[in-house]
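Note sheet for the following structure.
What follows draws every value from the coordinates through simple rules; no lab data is involved. The shown structure was predicted, so the numbers you read here are calculated from the model rather than taken from an experiment. Don't worry about glycine lacking a Cβ; one is built from the backbone with ideal geometry, like all the others, and counts go over all protein chains shown.
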Amino acid sequence: MAGKKRFGLRLRELFSLGGQEDDFYEELEDLLIEADLGASVTMALVDHLRESRRSRDREGLLQALRELLLDGLAPAELNLDPQRLNVVLFLGVNGVGKTTNLAKCARWYQREWPQAGILLAAGDTFRAAAVEQLSLHAERLGVRIVRQGTGSDAGAVVYDAITSAQSRGERLVLADTAGRMHNRADLVRELEKIHGIIRKLTGSEAVYRKILVIDGTTGQNALRQAELFHEAVGVDAVLLSKYDSSARGGVLVPLQRSLGLQCGWLGTGESYEDLRRFSPEAYVDDLLAP
Ligand SMILES: Nc1nc2c(ncn2[C@@H]2O[C@H](COP(=O)(O)OP(=O)(O)OP(=O)(O)O)[C@@H](O)[C@H]2O)c(=O)[nH]1
């Protein structure tokens with residue numbers, strides 16, 4: 001959070017400085033880019049501020065920037081349905097916190113839907129320790145898991161999980177996926193295969209959603225990751241992990257502006273309770289806080 005505070009502070013310092021108009025906007029651009037807002041969003045914001053000719057006093061500018069950042073941001077809605085089967089696929093590159101946050105979501109729905117029956121699917125069969133890690137969470141949470149060994153077919157794991165949940169009347173399958181394969185094409189092929197299996201099995205009978213986990217400390221690279229997954233299978237919502245240790249976290253704005261992706265949750269630590277619903281106002285206030 002220290003970095004975020006620095007951003008807000010530096011913004012205020014800049015706003016209270018005198019000097020040339022052009023220098024001011026250039027420095028503002030640098031600050032926004034450092035906050036992970038990305039070049040195109042930054043340009044658009046700064047152009048807007050320039051054109052709006054709002055008074056260049058500190059509070060006026062901060063208020064204008066706040067409104068611009070908030071524009072279009074909304075909490076993602078998954079619209080899951082406790083009366084039907086829901087399949088939620090967790091996507092994201094290695095180490096972003098997919099498995100941990102999948103487990104937090106399991107805990108969340110244990111509370112929200114106490115009667116639902118939750119099943120975890122160990123679909124990351126590529127990384128050696130991933131199946132074990134998810135199994136440990138299943139044991140701690142007291143939920144069922146469908147797993148096979150490392151190197152097995154992830155599509156088969158997901159297939160088994162869904163048919164098993166269907167036969168038992170369970171309402172929620174949370175499926176992990178690999179974040180890395182031998183190369184990008186393999187990863188996309190694997191995801192497309194899993195996606196095809198889920199679509200075939202669920203049809204109109206079930207709700208199927210995809211959550212992309214983005215590491216809040218990643219910066220602009222997050223946008224490229226999101227493009228990859230969104231193009232491959234389509235993303236319904238973003239979960240921004242490691243928000244507690246993210247220096248900037250401004251990346252949610254370009255994710256929304258460039259790809260139309262909204263955030264649903266913030267991961268705020270490593271324990272099961274460390275999951276927060278995304279609030280655009282709280283997020284932007286945090287970004288701008290001194
Ligand atoms: N501080 C903090 N740490 C987190 C958060 N979410 C996950 N982590 C940590 O990030 C590390 C990686 O998390 P994993 O859940 O293993 O990541 P993954 O994406 O499943 O990784 P792969 O299985 O390798 O793809 C672990 O040490 C987690 O405890 C969070 O919201 N805050």
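Counting every C-alpha pair in region 109-196, the share spaced more than 21 angstrom apart comes to 29%. As a proxy for reagent exposure, ranking 137, 48 by other Cβ atoms within 10 Å from fewest up yields 48, 137. Listed by Cβ neighbour count within 10 Å, with the fewest neighbours leading, 98, 193 appear as 193, 98. All C-alpha pair distances within region 86-278, sorted into 10 Å bins from zero, spread as 10, 39, 39, 12, 0 percent across the bins.
Return a whole-number percent for the relative contact order of region 2-70, with Cα pairs under 8 Å and 6 or more residues apart as the contact set.
About 30 percent, as a whole number.
Estimated from the Cβ-Cβ distance and a Förster radius of 25 angstrom, the FRET efficiency linking residue 132 and residue 184 is about 0.45. Pairs of Lys residues in the chain that lie 8 or more places apart, or on two chains, and have C-alpha atoms under 23 angstrom apart add up to 10. Comparing 235, 143, 96 in a Gaussian network model of the chain, where Cα atoms under 10 Å apart are tied by springs, the biggest mean-square fluctuation is seen for 143. Taken over region 77-135, the convex hull of the Cα atoms encloses 91 Å³ per residue.
Among 111, 66, 144, the residue with the largest mean-square fluctuation in a Gaussian network model of the chain, with springs joining Cα atoms closer than 10 Å, is 111. Helices in the chain, meaning DSSP H runs of at least 4 residues, each add -39500 (n - 2.57). Divided by all residues, the mean residue ellipticity at 222 nm is -16000 deg cm²/dmol. Alpha carbon centre of region 126-147 versus region 240-285: separation in Å? Between the Cα centres of region 126-147 and region 240-285 lies a distance of 25 Å. Between residue 140 and residue 192, the simple label model (points 7 Å from Cα in the Cβ direction) yields a spacing of 3.6 nm.
Annotation: amide H-H contacts under 5 Å for residue 263 (H modelled 1.01 Å from N, sequence separation of 5 or more, or interchain): 74, 76, 238.
Extension gain, residue 51 to residue 271, is 74.6 nm, computed as 0.36 nm per intervening residue step minus the present C-alpha separation.
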